[in-house]
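What follows is calculated from the coordinates using simple rules that are stated; it is not laboratory data. Note that the structure is a prediction, hence the values are computed from the model and not measured. For neighbour counting, all protein chains shown are included, and Cβ atoms are generated from backbone atoms with ideal geometry for every residue, glycine included.
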Amino acid sequence: MKIVVAGSHGLIGSELLERLRELGHEVHRLVRRPAQIDGELTWDPDAGLLDPRSLEGMDAVVNLAGAGVADQRWTAAYKRTILESRTRTTGLLARTLAGLDAPPPVWLQGSAVGFYGDRGAEVLTETARAGYGFLAHVVRDWEAATAPAEEAGVRVAHLRTGIVLTPDGGALGRLLPLLRLGVGGRLGSGRQYWSWITMRDEVDAIVHLLTAQVHGPVNLTGPAPAPNAEVTRALAAVLRRPAVLAVPTVALQVVLGELASDILASQRALPHVLEASGYRFHHPDLESAVRWVVSGAPSA
């Protein structure tokens, strides 16, 4: 397949790029500078610039672009950056695809389980209503921005990704070193559900969805979400270290500000659509997932 990828420099995007190339696909990267090598396509989402000809003849588009939610404290300016970095890129792609006589038939669009808000232990499938809070608002607008392409007949799947477990960083990038030293522990009460997925399953699920006839929201989460305290204990057990030093909620709020609300939010999302489409997980349970993460195994 000829596949265009936006957000290819991110944690997931870089892994996906490598996997697609391993499988023999022809990958084209959208970059925010003049193209320098074959396979690069220039765009400028802030200025609304994307040459429609660059998408002609492509078989699929994967958009993972967006500023990191946890990259810095949530000031008013950075919250605007989080939102606009998603809606501008997605909106530009949607308008461009809709204007083509023969657009790529498949668009896999980044999204997040933040759509559901803070929902405690409620089981969340793709039919669950939207939640409340800043991230839920962001994801609603993010997903809605694909509408022009969907109306033009493009099959759009919204990849509602959970917490990606990887030995290379991500949500565990700061936690793992502490656990290795025996000074890590649960965050807040530890009762908040983490809808986790390993990087290997995240990438292979995206590859699977290129051809699986799925549209609309897809929870990219493992089938066994668990409370934060349980995830922490499982990691510590594999590392053979204690996990007794909890990080109090108030400390997170002081250090992170409003971002703490996202860290402490609970989403118990299940991958019903993904499993129904025939995907089979490499790491379907927490034990296999944490052993893979701690081993530092490659993602594919």
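Each peptide in 1-11, 265-275 was scored by the mean count of other Cβ atoms within 10 Å over its residues; highest first, the order is 265-275, 1-11.
Pull out a ≥ b ≥ c, the square roots of the eigenvalues of the alpha-carbon gyration tensor of the chain, then state rounded if a/c is under 1.5, prolate if not and a/b is larger than b/c, and oblate in the remaining case. It would help to have the intermediate numbers written out before the result.
Working: a/c = 1.77, a/b = 1.57, b/c = 1.13.
Judged from the Cα gyration tensor, the chain comes out prolate (a/c at least 1.5, a/b above b/c).
On full extension, the segment bounded by R129 and H208 gains 25.9 nm, given 0.36 nm per residue less the C-alpha separation. Helices of the chain meeting both criteria, an alpha-carbon length of 20 angstrom or more along the long axis and an average Kyte-Doolittle score not below 0.5, with helices taken as full DSSP H segments, do not occur. What's the local net charge at M199, with K and R +1, D and E -1, over the other residues with C-beta under 12 Å away? Every neighbour counted, the sum reads -4. Beta-bridge orientation, region 2-295: approximately 10 percent antiparallel, per DSSP, counting only bridges with both partners inside.
Among T87, T166, what is the fewest-to-most ranking by other Cβ atoms within 10 Å?
Details: T87 19, T166 24.
The order, fewest Cβ neighbours first, is T87, T166.
Taking only C-alpha pairs under 8 Å that are 6+ residues apart, what is the relative contact order of the chain in percent? Let's see the in-between values first.
On the way: 596 pairs, mean separation 56.9, N = 300.
Taking the mean separation of contacting Cα pairs over the length of the chain, I get 19 percent.
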